[in-house]
Amino acid sequence: MKKEKIVYRFFRYEGQRLDAKREIPYEIRIASRLVLDELCFNWNKKQLEEDINGSIDKGNKDQFMKLSKAYRHFVWE
């Protein structure tokens, strides 16, 4: 079987300059979004846990109740 050859010929373009944009594949976009979401989720959960522990140490019941209500969204499993 004969091998196919590809020949490119470039011609000068006399019009306005065009910029080509390369699309990122959907799989990479969704995977990167999921990784970033998980990183943000874990960081926010860790910060909230530290704030809750700090309010327990200080004995601030009002702040503890407010933070524990916000923490429920992280442990709804």
Tilt, helix 61-71 to longest principal axis of the chain (alpha-carbon atoms), in degrees rounded to tens, equals 30
If you place +1 on the Cβ of every Lys and Arg, -1 on the Cβ of every Asp and Glu, and leave all else neutral, what size is the dipole of the chain about its Cα centre, to the nearest 20 Debye? 680
³J(HN,Hα) across the range 39-48 via Karplus (A = 6.51, B = -1.76, C = 1.60, θ = phi - 60°), whole Hz, x for Gly/Pro? 4, 5, 4, 5, 5, 5, 5, 5, 5, 5
What is the P(r) of the range 30-70, as percent of Cα-Cα pairs per 5 Å bin from 0? 5, 25, 21, 16, 11, 9, 8, 4, 1
Rounded to the nearest Å, what's the spacing between the alpha carbon centres of the range 35-53 and the range 1-31? Just the number, please. 42
Would you indicate which of [x] 34, 28, 20; [y] 53, 24, 15; [z] 79, 41, 17 is the value of Cα extents along the principal axes in Å derived from the coordinates of this structure? [z]
Among Ile28, Gln16, Cys40 - extreme Cα towards positive end, dipole of the chain, charges at beta-carbon: Gln16
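As a footprinting exposure proxy, order Phe10, Phe41, Phe64 by other Cβ within 10 Å, with the fewest listed first. Don't jump to the answer; show the numbers that get you there.
Working: Phe10 5, Phe41 12, Phe64 18.
Exposure proxy ranking, most exposed first: Phe10, Phe41, Phe64.
Readers should treat all values here as calculations from the given coordinates under stated rules, not as data from a laboratory. What you see is a predicted model; the values in this text were computed from it and never measured. In this analysis, Cβ positions are derived from the backbone assuming ideal geometry, glycine residues included, and neighbour counts consider all displayed protein chains.
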